[in-house]
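Since the structure comes first, as C-alpha cells, the remarks are kept for the end.
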Amino acid sequence: MSITTFVLRRLASGLLLLLALSLLVFALLDASPGSPLQSLLGTRPATPELVAELRARHHLDEPFALQYLHWLSDAVRLDFGRSISVQAGTPVVDMVYGRAALSAELAAYCLLLVLLLGVPLGLIAGIRHGRTADRSISLLATVGFGAPVYALSVVLLYVFGVALGWFPVYGAGEGFADRVTHLTLPAVALTTVLSAVVVRQTRAATVTVLRQDYLTFARLRGLSPARVLIHYVLRNCAPPVVTSAGMLLIAPLSAGIFIEQVFSLPGMGSLLLTAVAAEDLPVVQGTALLLGALVVLVNLLVDLLGFLLDPRVRLHAAGEH
Amino acid sequence: MADMTDMADTDTADMANPVPAPNPVPAPGTASAREVSRRFRPPVLVALAASGVAVIALLVVAGGWLTPYDPGQQDLMRGAAGPGDGHWLGTDALGRDVLSQLVAGARTAVVGPLCVAAGALLLGVPLGVLAGYRAGGLFDAVINRFADLVYAFPAMLLVVVVVGTIGDGYWFAVAVVTLLVLPAQIRLCRNTTLVQARLPYVEAARTLGLPAARIMFRHILPNIRPTVLATLLLDFGGALISLSGLSYLGLGVPPGTPDWGELLRQGQTLLAVNPYMSLAPGLMIIIATVGVTLLGDWLYDRGTAGTDPR
Amino acid sequence: MTYDAQTRRTRPDREADGTGRTSGIGGADGALLSVRRLHVYARPDRAHGPRTLVRDVGFDLAPGRTLGVVGESGSGKTLTARAVTGVLDDGLRAEGQVLFDGIELLGRPERELRPLRGGRLAMVLQDPFTALNPLLTVRAQLRESLAPGTRRDRVLASAEISRRLREVGLDPDTVAGRYPFQLSGGMRQRVAIAAALARDPELLIADEPTTALDATTQAEVLALLRRLQADRGMALLLITHDLRVAFSVCDRVLVMYAGSVLEDAPAAALARSPRHPYSLGLMLAEPPVSHFVDRLVSLPGQVPAADGVADTCAFADRCEWRREVCTTTRPGLTPLPEERASACVRIPEIDDELRTRLLGRVRKVPPARRRPARPLAAPGEAPRTTSTRDSARHAESTHRTPPGPPSGRTTGLYGHDLVPTTPGTPPVTPDGAPFLTVEGLGKTYGRSGTYGRMSSFAGPTRSSRSVRLKGTTTEPMALRDVSFELREGESLGVVGESGSGKTTLARCLLGLTRPTTGTIRLGGVDVSDYRKLRRKEHREARRLVQMVFQDPYSSLNPRLSIGTTLGEAVTAGPDPAQRPAELLERVGLPASYARKQPGELSGGERQRVAIARALAVRPRLLVCDEPVAALDVSVQAQILQLLREVRAGYGTSLIVITHDLSVVRQLTDRALVLHGGEIVESGETAALLDSPRHPHTQRLIASIPGGN
C-alpha cells in the first residue's frame, strides 16, 4: 500500500508542476513581442482566410483563461498545433518525434560513459581520501564542474576533430558504427561535465560512509572485504548518488542545446533553439512541454529508486499513512 | 599557543559527537586535526585559481588601456586570419583584432554575473535567513514551492525559451537568470540557517529576548558566512556560464558587442582558419568559472574547518 | 587454525622493558591478551609535530577475566582498545606489543587480522545508533556475522539467529526482520552484542557500551554483558568513563589519564583504597547519589593533552600533593603489594592520607598550597567583588576548602562506611507564594512536514548526521497534564529518561516551544505563549527566567568573543552598566577571559560562561537542562557547586532537568519524575530518592551502577 501511495503522491506533485509549466509556456504567446495573432502569423501574409483560421483554431477572441484551457486540452492529446516557420505546416508532435531519437541516443551513450567513469572514479577518490589519487580526481571533477559544456565542446572539437582529425566535426552519421563515431565527441564533452557532479557526489558519499562506525564494526566482525565493499560501502553510497542521478538524466536535455549546436546535431535541443530563433511559437511550446513531461517522469523514477534503496525513506513514507 | 590549537581541535572532536554522553570524545581528534591543517593550507591550485581570477579582474578594470587595437575596428582587406601582423590571436571575419575583443569582452562577461551574484546576496540571503529562522511559516512554504518548481526543470532550458521568445535584450536575460538563481540561494541559506537556529547559542539569544533581526544577522549570519560566500561564487560562475552561453546561442548580447560567448560562436565557423578565435574565449570562460569554483570550495573548507560542528 | 599452531610455539615475551619500570603487572603466564609498551602516535601535520596520544600502556588479561579501563575524555582508553583491535583512524600509528594468545597483533596486515576478528576477538562500539548498517535488517547483519559453516546453511543460520537474539533478550520474531532505525538504542546495542558474539570469541572488548543509553537500559545491558561473559568464560575488556560501572563489572581496573596508566589494581582493592591522587580525585568527584554533601569536592583545572605531559607526572598540574620530583620526570608504574601498581612517586608517603580522605571525604589542603576560602557568596550575602589577581585555577581551588565536621554515618557509594559532611538536608528552605505555576501543561508534536524531512537529504555529508539526530531526539515526546508549583528560591529537579518529555517541559518554560494545552504563570504573568505578550511584558518575562543548556560546545556563538557574548546579554538585562568582567568573576573565571573565543575554552569553562550569560539579566529562575551531562566527571562537581552558589548567593530558583539522580540529590529540594510525558511521582528530594513509591522511580534508582 505504501508504494502506491508514494507513487500517487509524487505523480500528483509532478502533474502540478507540469500544469505550472504549461501555464508559463502558454503565456509565452502573450508575452512575446507583438500580438498573439502576429506571433502566430509569423512571416506569412495576413490573408483574411488565414487570419480567420488562426483565430478559430487558437480561440483568440476568447478570454485568456479559456484560450489556455482549449490549448491545454489539445496539448493533453499531444496536439500542439502546426509549425509556423521551421517546417511550416508540419504537426509539432511529428517534428519532435523526428528529433527525439538522436537526443535519446546521445543521452544513453553519455549515461553509459558516466556510469563507467564517474562512479568508479568517485569511489576511488573517496577511498583514497586525501591522497594523490583523490586530489587528481577531485581536481578533474572541479574543472568539469566549473567548465561550461559549450566551451569544453569547442576545445574538444578543435583538438580531436580539426587538429587531430580523429572524429567527424559535423552531423549525426548514418548506421550504427558511423553514428557512434559521430556521437563520441559530443558524448565525451557531456560526460566530462556530468561525471564531475557524479564524481563529487560519489566521493562525498564514500568519504562519509567510510567514516561510519558501522564500517569499523563490520571490519571488527571479520567480514570479507568484498562483503564490506558491496553491502556496506556501495549500498550506503547508493541513496545519495541516486538522488543526484535525476540531474544526470535531465542535464543532457539542458546541455543538449549547446552540444547539438556545437556539433550540428539535429536533436531536440537544436529543434527548440531553431524554433526560438525563428519565433515558431507552437514548436517552442510543444517541445518545452514535452521536455518538461520527460523531466517529471525522470524525477518520479529517481524518487522511486531512492524509495526502494533506502528502507528509512520507505518506512517513513509508509508510516505517514 | 600550541596548547591552544590543541584544545581547539579537541573541542571540534567533541562537537562531532551529538550523543549526549558524559564522555563523548573518542580521543583527541587527530584525524580531524590533520584534516583542518590540510584544509587551511592554500594549495598551489587555489593560488593558480586566484591569479586567474585576478587577471580577469584586471582586464575588467583596466582592459581599455591594455588592448592593442580598438576591438570594433574592422579590416575587411585582412578578414579572418591566424596570428600575424601584430594580431597575436589573429582577426575575425571582419578583420577585427581577436585579442582586443577578448580583453574588451571580459567586462561584458563579468558585469552580468556580478549583478546576478549581487541580486542573490541582497535578496536571496536575507530571504533565506528569514525563511530558515521562521521555518514552517507561510513565507517558508511559498519559497519552498517556488524552489521546487525551479529545481524540477533544467534552468538553462527555461532561460533559452523565455529569453529567446520574449527576447528583451541582455538585461532581461540577467533578470531571468537572477530569478532562477534565487530559489537555490534562498533554500541553501534557509537550510543552513535552520541548522544554526536549532543550536543552543541561538536559543540562548532568544531566551535573553534579543530582537529577531539581531539574532538573524549578528548571530546566525556570521556562522553561515562560509556557505553563503561559497554559493555566491558558485552563483557568479553559473551566471557566467548561462549568460555567455546565451550569447553563444545568439540570444545574449546584441551582435557587435565584444563578448566571449559571441566570439566563440563566430569563431567556431572559422575553426579551420583561426582556431584561436574560439579557443581563446573558450579558455577564458573555463578559467573564470573553474577559478571561482575552486576559490569557492577553498573558502568554504577554510571557513567551516574550525567552527563547523561536523 | 594456523594461529593455534603458532600460539603453541611462540610464547609471549614477558620481560620487563629494562627501564626499571614494568608496564603492567598482575597477569601471569596464560594471559589471553598481553599488552606491553603500547604507544599511539599521531602522524605529524602542519598544525602539530608528531604527537603521542597513548604512552607506555601495558596490561594482561587472562581468559575468563574482566579488565576495566577507566578514564575521562582524552585519557587514551578508546585509542588503546582500537590499537589492540587494529582499527585506529588514518593518521594514527601504534607501537609496542599486543599479544593475543601469543600472536602479535600490531603491524599485522588486515588480511591476517580478519580470521581473528569476530572469531576469536570481538569488539562492541560506544554508539549503538551508528554501529549497525542502516540498510540491512537485523537478520542480515547477524547472518553475516556467523561462522561460514553456519552462515551458508539456510536452516541452520535461521535457527542460530533466533537463538542468538534470544540470548541477548530480544524476541527474534519481532526483531529479526527490522532495520536498525526501527529499534531503540538499547535494542540496537543488544543486536550489536549478538553480532559481535556470533562466533563465540574468547575476548570481547566493549568500548563504552552503555554510555549512549538511558540509565535503566544501561543497567540492563551491563547485566547482559556480565551474564554473557560469565556463561561463556569469555575475557572482557571494558572501556568506560564511569568508575562505578567498572567496579560493578570488573575484576581488575586500569585508571588512565592523559594517555598514561596511573593506577592498575584489583577492582575491590582500588575501591577500598586508591593509590593514586587521581584515582581518589575521580572517586570523590562523583557526586554521591546516596546523600547530600554540603560541599562538593572537585578536581581543579582540566585534563591536559597527552602530548603536553611527556616529562612530568600527567596529573601533577592538578595534584595537591605535588612536589618538585613530580614535574621533573615522568613516573612509571611502580609495583605495590596486593598485585597492584601506581604511577605516583609519593605513594609511600601519602598512602595513608589518601585512604583517610576517601573514608572521611575530608580534604586537607597542604599549608603550602592553601589559599583563603573565598566562596562566591555565602547564603544571604551579596556577591563580593574581589581583586583581579584571580584565576580560573584559583577560583576552582575554593571548591576544595575544608567542609564542616562530620556528623553522622551512612553507607557510601563504594561499599564501605563513610561520613557525610552534613545530614541529608539542603541548606535553603524556601517559603512564600508560588513564583512559577504550571497547570495542565500538554504538548503534542505534529509532523515536522515535508521540508524537515527533505532537508536531511540535502547533502551527503550532512545527511547521516541529521538522520542520526532524528533517531535520538525526535522520538515521540509529549507532555500530558503536567502541573506543579515552584516557590521563590526553591530548587526543583525534573527527572526522566530520553523521551520522557523533560526537555520539552524546559523549552515550554523558556518559550522556545509553545505548549498545546495548559498554562504557565511566571511571576504573575501568563507566559504560555510568548508571542501573545506585549513588548514590555515580554521583556520582563525574559528577565525572569534563563536557561543553561546541556551542550556547552554549541551554547556559545563560536564567532563572538566571550566579552561580546556577555556584553550583549547585559544589554538585555536591567543593569546595562554591568561589565563582562564582573560576570566572569561571579562564575569564577578571570576577567582576561573576556577577550577569548569560545574555541579556546574547555567544556567546564564554557559552561561557566553560559551560566554567567544567564546571570546577566538577573533572572529569578534558572532552568538547567542536563547542566553537567556533557562534562568530564572531574569537572562536573565544579559546575554543580557553582550552581549551588548561584542559588545561595542570589536566591535564584532552580529547575534542574536531568537523568542523573546524583545531580538531583545534590542540587534540589524537591523533585518530580517524568515518564512518558506524565509526572509519575513527586516529593521532597531526599524522600523521593530514599523511599521511591512509583515502580518507574524504583527502577531508576535500582539501575544506578554499583547500587543494590
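The values are calculated or read from the model by the stated rules, or taken from the named source; none is laboratory data. Worth saying up front: this structure is predicted, and the values here are computed from it rather than measured. Cβ coordinates were reconstructed from backbone atoms using ideal geometry, including for glycine residues, and neighbour counts include every protein chain displayed.
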Inset, instruction - Quick one: in region B:222-264, of everything that is within 14 Å of chain C (Cβ to nearest Cβ) and among the hydroxyl-bearing types (S, T, Y), which residue is surrounded by the fewest Cβ atoms within 10 Å (Cβ to Cβ)? - result: B:T227
Legend entry - A:A205 within 7 Å of chain C (Cβ to nearest Cβ) and outside any loop (DSSP other than H, G, I, E, B): yes
Legend entry - Scope region B:223-254; condition in a loop (DSSP other than H, G, I, E, B) and over 20 Å from B:G63 (Cβ atoms); matching residues: B:L249, B:G250, B:L251
Inset, instruction - With respect to C:L654, determine if the residue is more than 9 Å from chain B (Cβ to nearest Cβ), within 22 Å of C:P434 (Cα to Cα), in contact (Cβ under 8 Å) with a residue 12 or more places away in the chain and part of a strand (DSSP E or B). - result: yes
Inset, instruction - For region C:114-121, state whether one or more residues are facing another protein chain (nearest Cβ under 9 Å) and among the small types (G, A, S). - result: yes
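Of all residues in region A:282-295, how many are more than 7 Å from every other protein chain (Cβ to nearest Cβ) and either in contact with a Leu (Cβ under 6 Å, 6 or more places away or on another chain) or surrounded by fewer than 21 Cβ atoms within 10 Å (Cβ to Cβ) (or both)?
Qualifying residue count for the region: 4.
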Legend entry - region A:145-159 residues that are over 12 Å from B:P281 (Cβ atoms), paired with ones that are of a type in the set (D, E, K, R) and surrounded by fewer than 23 Cβ atoms within 10 Å (Cβ to Cβ) (beta carbon under 7 Å, 6 or more apart): A:F145/A:R200
Legend entry - Tally of residues being more than 8 Å from every other protein chain (Cβ to nearest Cβ) and of a type in the set (A, V, I, L, M) across region A:242-278: 11
Legend entry - Failed criterion for C:G683 (all others in (1) part of a loop (DSSP other than H, G, I, E, B); (2) at positive phi hold): (1)
Legend entry - Test: A:V154 is facing another protein chain (nearest Cβ under 10 Å) and at pLDDT 90 or above: no
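Give the number of residues within region C:513-543 that are more than 20 Å from C:F435 (Cβ to Cβ) and out of contact with any Gly (no Cβ under 6 Å at 6 or more places or on another chain).
Qualifying residue count for the region: 6.
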Legend entry - Test result for C:V628, closer than 21 Å to C:T503 by Cβ, within 14 Å of chain B (Cβ to nearest Cβ) and either surrounded by fewer than 24 Cβ atoms within 10 Å (Cβ to Cβ) or at pLDDT below 95 (or both): yes
Inset, instruction - List every residue pair whose Cβ atoms sit under 6 Å apart, with the two residues 6 or more apart in sequence or on different chains, where the first one lies in region C:535-558 and is facing chain B (nearest Cβ under 7 Å) and the second, anywhere, is among the basic types (K, R). - result: C:L556/C:R606
Inset, instruction - Only residues that are within 13 Å of another protein chain (Cβ to nearest Cβ), closer than 18 Å to C:G259 by Cα and not hydrophobic (A, V, I, L, M, F, W, C): list them for region C:87-100, please. - result: C:D89, C:G91, C:R93
Inset, instruction - Have a look at A:N299, A:N236 and point out the one that is closer than 30 Å to B:Y248 by Cβ, at the interface with another protein chain (Cβ under 7 Å from one of its Cβ atoms) and among the polar types (S, T, N, Q). - result: A:N299
Legend entry - When residues of region C:240-253 are limited to those that are in contact with a Gly (Cβ under 8 Å, 6 or more places away or on another chain) and not in a helix (DSSP H, G or I), the one nearest to C:Q189 (Cα to Cα): C:T240
Legend entry - Qualifying residues in region C:591-625 (those that are in a helix (DSSP H, G or I) and hydrophobic (A, V, I, L, M, F, W, C)) - the one farthest from the other protein chains (Cβ to nearest Cβ): C:A591
Inset, instruction - Pick out the one residue from B:V228, B:V253 that is of a type in the set (A, V, I, L, M) and within 21 Å of A:A147 (Cα to Cα). - result: B:V253
Inset, instruction - Go through region C:126-141 residue by residue and tally those that are more than 10 Å from chain A (Cβ to nearest Cβ) and either over 36 Å from the mean Cα position of the chain (by Cα) or surrounded by 23 or more Cβ atoms within 10 Å (Cβ to Cβ) (or both). - result: 1
Legend entry - Subset of region B:202-216 [over 16 Å from C:L560 (Cα atoms), facing another protein chain (nearest Cβ under 7 Å) and among the small types (G, A, S)]: B:G209
Inset, instruction - Test each condition in (1) crowded, with 20+ Cβ neighbours inside 10 Å; (2) modelled with pLDDT of 85 or more; (3) hydrophobic (A, V, I, L, M, F, W, C) for A:A133 and report the one that comes out false. - result: (1)
Legend entry - Hits in region C:142-165 (condition: more than 26 Å from C:D214 (Cα to Cα), more than 9 Å from chain A (Cβ to nearest Cβ), crowded, with 21+ Cβ neighbours inside 10 Å and without any contact (Cβ under 8 Å) to a residue 40 or more places away in the chain): C:R143, C:I161
Inset, instruction - Would you check if B:A131 is within 11 Å of chain C (Cβ to nearest Cβ), under 30 Å from C:P552 (Cβ atoms) and in contact with a His (Cβ under 6 Å, 6 or more places away or on another chain)? - result: no
Inset, instruction - Report whether or not A:T184 is under 29 Å from B:L264 (Cα atoms), away from chain B (no Cβ under 14 Å) and in a helix (DSSP H, G or I). - result: yes
Inset, instruction - Among what's in region A:1-22 and is loosely packed, with under 13 Cβ neighbours inside 10 Å and modelled with pLDDT of 75 or more, pick the residue that is nearest to A:A288 (Cα to Cα). - result: A:L19
Legend entry - Single condition B:H219 does not satisfy, out of (1) free of Cβ contacts under 8 Å to residues at least 12 places away in the same chain; (2) buried (at least 23 other Cβ atoms within 10 Å of the Cβ): (1)
Legend entry - Filtered residue count, region A:89-98, keeping only those that are surrounded by fewer than 20 Cβ atoms within 10 Å (Cβ to Cβ) and either part of a helix (DSSP H, G or I) or without any contact (Cβ under 8 Å) to a residue 12 or more places away in the chain (or both): 6
Inset, instruction - Being at the interface with chain B (Cβ under 10 Å from one of its Cβ atoms) and assigned to a helix (DSSP H, G or I) is the filter; apply it to region A:129-140 and report the residue that is farthest from the chain's Cα centre (by Cα). - result: A:R135
